[in-house]
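The values are calculated or read from the model by the stated rules, or taken from the named source; none is laboratory data. Bear in mind that the values here come from a model prediction, so they are computed numbers and not experimental data. Please note: Cβ atoms are built from the backbone with ideal geometry, for glycine as well, and neighbour counts cover all protein chains shown.
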Amino acid sequence: MIPPKPPSRPDHVGLLGYARRFRADILSAQPARLYRAWMAEFRTPFFRSYMMNDPELLDLVLKTRPDDFPKSDRVREGLAPLLGRSVFVTNGDEWKRQRRIIDPAFAGGRLRDAFPGMRDAAEAMVARLDPGEHEIEEVASYAAADVIFRTLFSVPITDALASQVFREFRAYQRTQPLLNLAALIPLPRWIPRPHRRATRQAARSIRDALSALVDRRAEEIAAGTAPDDLATKIMTYPDPETGHRFSPAEMVDQVAIFFLAGHETSASALAWGLYLLATHPGAQARVAAEAPADWPGLAFSDLSKLPFTRDVFRETLRLYPPVPMMVRETTGPETFRGRAAPLGAQLVLSPWHLHRHERLWERPDHFDPDRWQGEAAKESARRAYMPFSAGPRVCTGAGFAMAEGVLLLARLIAAFEVAPVGPPPVPVAHLTVRAKDGIRLRLTRR
Ligand code: HEM
């Protein structure tokens, strides 16, 4: 069975086509030829944009000359009410300084410290679930938020401030339109953008609750009573080059992105992974068979004993990359595949297209976890797989997310058999790739 992707539109995208798609969901607005093209240029009166699927161009933008292709101010402006000047939106020296402080907290060895929090969240997830029908994105969001709070602040999602952040965040999401062209490109300011005020208010409420969590932690650090979790590590680690530590205000910006990037994305991947297993019972049986017997005693290193579950999670990130597209901007004139691109051109890097590209993957639309053991997929993965982006701006939480994804998937499938309910879900892009009307699954206790 081929998992669903949204219906493609006709091949040609002219200016009028673009205008019509302006408010359409960005995934269903994609013409079929983009799953075959190495590059596509879009010209409009306001901007020039280049969608890049050529692995050499992606290397150029993300790895060889990343400083020449920063995130645009527009990305920062759009997310500033929630994220302030967090590592996700800054560029240049400010961004480098922030990564020097944050990266060590997520480095391999430190992930081992975060693992018990993930494991407790996985146990809490299955303890909460009853057999029967569930909207699984909801279940996945709550579980992923629980993971973030337990690993970042050593509190479960049931903590008063944590559950307040989760609630406020859902309100924020409701103010967000689908991720459409308007959200990605530099349009003139006079073009109205919906929900702006509601978005700002919701963002303020989230930040107030996050500030309270950060302030509480700052007091614990001062009193010497702080637990050694991700928040403490990041708040106490000095930049090795300047000695600077994040102030509580700077930390709120960073915590906001850990929460946003860390829970929305993982929840999306977990929900689609469960859907793929529900529709592929053979693969589901193999995940259940390799699951360990002793969950509460599980150690970080035991995850390496779940190779098939890991391949299922990798394949899920290929077919449903939670971050479907990224945007960068040129800072000078460039030539891409023989075509001249002006200063300020928008570069759209699309895991969504790259991962289903007909010239880069065999049977690109098929769910086939075993492909990850073959040489062909290893080569495709090297050139055409970037669910976490690539180069110096690669996702800080990639290792964290792989451990969490494999653990939660394995834990849920060990406890329940899952089966699909109703018509296949249609993927759409909100902040991450979600199903248009949710994903309904029936859970039966094993
Ligand atoms: C399956 C889960 C995840 C996926 C697919 C994912 C994907 C991504 C992608 C594609 C980017 C690059 C975006 C861009 O350059 O425009 C990114 C950046 C980032 N992610 Fe993740 N992410 C995941 C989980 C996490 C987690 C768990 C955390 C932290 C707890 C996290 C923290 C970040 C941060 C801080 C950045 C900004 C890095 C920078 O710009 O330097 N992510 N993520």
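Every condition in (1) part of a loop (DSSP other than H, G, I, E, B); (2) more than 24 Å from N91 (Cα to Cα) holds for R318 except the one numbered (1). Whether a residue is farther than 14 Å from Y275 by Cα and within 14 Å of the ligand (Cβ to nearest atom) was assessed, and E329 passes this test. For the criterion of being under 26 Å from D437 (Cα atoms) and part of a helix (DSSP H, G or I), T265 passes.
Any residue in the range 74-86 that is within 23 Å of A340 (Cβ to Cβ) and either touching a residue at least 24 places away in the same chain (Cβ under 8 Å) or in contact with a helix residue (DSSP H, G or I) (Cβ under 9 Å, 6 or more places away or on another chain) (or both)? Yes, the conditions are met somewhere in the range 74-86.
Scanning the range 236-260 for residues that are buried (at least 16 other Cβ atoms within 10 Å of the Cβ) and touching a Pro at 6+ places or on another chain (Cβ under 8 Å) gives a single hit, Y237. Return yes or no: is V89 buried (at least 16 other Cβ atoms within 10 Å of the Cβ), modelled with pLDDT of 70 or more and part of a loop (DSSP other than H, G, I, E, B)? Taking the combined requirement at face value, the residue satisfies it. Has the range 294-301 got any residue that is crowded, with 20+ Cβ neighbours inside 10 Å and either out of contact with any strand residue (DSSP E or B) (no Cβ under 6 Å at 6 or more places or on another chain) or part of a helix (DSSP H, G or I) (or both)? Yes, there is a match, as at least one residue in the range 294-301 is crowded, with 20+ Cβ neighbours inside 10 Å and either out of contact with any strand residue (DSSP E or B) (no Cβ under 6 Å at 6 or more places or on another chain) or part of a helix (DSSP H, G or I) (or both). Taken over the range 80-93, the residue count meeting the criterion of being at negative phi, away from the ligand (no atom under 11 Å from the Cβ) and either more than 20 Å from the chain's Cα centre (by Cα) or hydrophobic (A, V, I, L, M, F, W, C) (or both) is 3. Restricted to strands (runs of 3 or more DSSP E) entirely inside the range 341-446, those with at least 2 residues that are within 26 Å of E290 (Cβ to Cβ) and either within 12 Å of the ligand (Cβ to nearest atom) or in contact (Cβ under 8 Å) with a residue 40 or more places away in the chain (or both) are 416-420, 440-445.
Residues that are within 15 Å of the ligand (Cβ to nearest atom), at positive phi, outside any helix (DSSP H, G or I) and in contact with a Ser or Thr (Cβ under 9 Å, 6 or more places away or on another chain): does the range 127-146 have at least one? No, the range 127-146 contains no residue that is within 15 Å of the ligand (Cβ to nearest atom), at positive phi, outside any helix (DSSP H, G or I) and in contact with a Ser or Thr (Cβ under 9 Å, 6 or more places away or on another chain). Quick check on T331: is it part of a loop (DSSP other than H, G, I, E, B), over 30 Å from R119 (Cα atoms), of a type in the set (S, T, N, Q) and touching a residue at least 24 places away in the same chain (Cβ under 8 Å)? The answer is yes for T331.
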